[in-house]
Amino acid sequence: MSTASKLSKPLVLASGSRYRASLLDRLQLAYATVTPGTSEAARPGETCLDIARRLSAAKARDGARLFGQSDALVIGSDQVAELAGVALGKPGTRDNARHQLQSMRGQTIIFHTGLAMLDVASGRLQVDVVPTTVTMRDYSDAAIDYYLDHEDALDCAGSAKSEGLGAALIRTMRSDDPTALVGLPLLRLIDMLQSESVEVLA
């Protein structure tokens, strides 16, 4: 949690992700964290973009219930990696990560990073999804093993941690927000904060 305080109401990050907390720290706003137990299972017929949008909103709502204050601003976020229309989740195990990275080799993946902000008092919910298009290098199996030996990427969608050694797996990336791929689109978040009369630079 940042020590600075510029808010008239509590700001809450509904996430247990250390990556999202590290990104939110950059804005130097005081905030609390809660970890929602939102199920991340996809629903029949959902696109990857739909999943990211729905789960971000659900995490914001669940975070509001956990935090329990009626005047909070609650941030929810979720990321879904899409390869040829199929969602790639967090691998969880080394074998799953290795398989994911093999399937991604030389391919283009879209990382859909959803962001939601719920004003609990008014019930207003802002939701958006920021895409990042990533083209992977044609890396070898040996490179995958080296990467997994040296980087803890089992909790990252698609297994490729771009802010660490995973950058060596990536040939190009395109996004309107460079922080989206890491897990929290700060540029879009600043827009949402401004819509709730919160100015970061004030």
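The angle between the Cα long axis of helix 186-195 and the main principal axis of the chain comes to about 20°, on a 0 to 90 degree scale. When the alpha-carbon atoms of segment 36-100 are used, the pair Rg, Dmax equals 14.2, 45 angstrom.
Working note: Karplus 6.51/-1.76/1.60 with θ = phi - 60° gives segment 29-46 the couplings 10, 5, 8, 10, 10, 9, 10, x, x, 5, 5, 9, 5, 6, 9, x, x, 6 Hz, where Gly and Pro are set to x. Considering only 27, 100, 150, and ranking their Cα positions along the charge dipole of the chain that arises from unit charges at the beta-carbon of Lys, Arg, Asp and Glu, the one farthest toward the positive end is 27.
Kirkwood analysis of the Cα pair distances in segment 139-186 returns a hydrodynamic radius of 11.5 Å. Here is the list for segment 115-202: GluC sites (Glu not before Pro) lying in DSSP coil, each with at most 13 other C-beta atoms within 10 angstrom of its C-beta, are 199.
Averaging over all projection directions, the Cα-based convex hull of segment 117-202 occupies 7.3 nm² in the image plane. Charges were assigned to the Cβ only: +1 to each Lys and Arg, -1 to each Asp and Glu. The resulting dipole of segment 11-195 about its Cα centre is roughly 200 debye.
Measuring r between the beta carbons of residue 174 and residue 70 and using R0 = 45 Å, the FRET efficiency lands at 0.65. Inverting the pair-averaged 1/r between distinct Cα atoms of the chain gives 17.3 Å as its Kirkwood hydrodynamic radius. Please give the helix 141-150 orientation as an angle from the longest Cα principal axis of the chain, in degrees from 0 to 90, rounded to the nearest 10. That works out to roughly 40 degrees. Non-local lysine pairs in the chain, meaning eight or more places apart or on different chains, with alpha-carbon distances under 28 Å, amount to 5. Taking every DSSP beta bridge that has both ends in the chain, the antiparallel portion is near 85%. Counting Cα-Cα pairs of segment 1-86 in 10 Å increments starting at 0 gives whole-percent bin shares of 17, 43, 28, 10, 1.
Measuring from centroid to centroid over Cα atoms, what is the spacing of segment 144-202 and segment 82-135 in Å? When both Cα centres are located, 10 Å separates them. Per-residue 3J(HN,Hα) values for segment 166-180, derived from phi via the Karplus relation 6.51 cos²θ - 1.76 cosθ + 1.60 with θ = phi - 60°, read x, 4, 6, 8, 9, 8, 9, 9, 9, 7, 7, 9, x, 8, 4 Hz in sequence order (x marks Gly and Pro).
Here, each number is a calculation from the coordinates, and none is a lab measurement. Just so we're clear, the structure is a prediction, and the values are computed from it rather than from any experiment. So basically every Cβ, Gly included, is an ideal-geometry build from the backbone, and we count neighbours across all protein chains shown.
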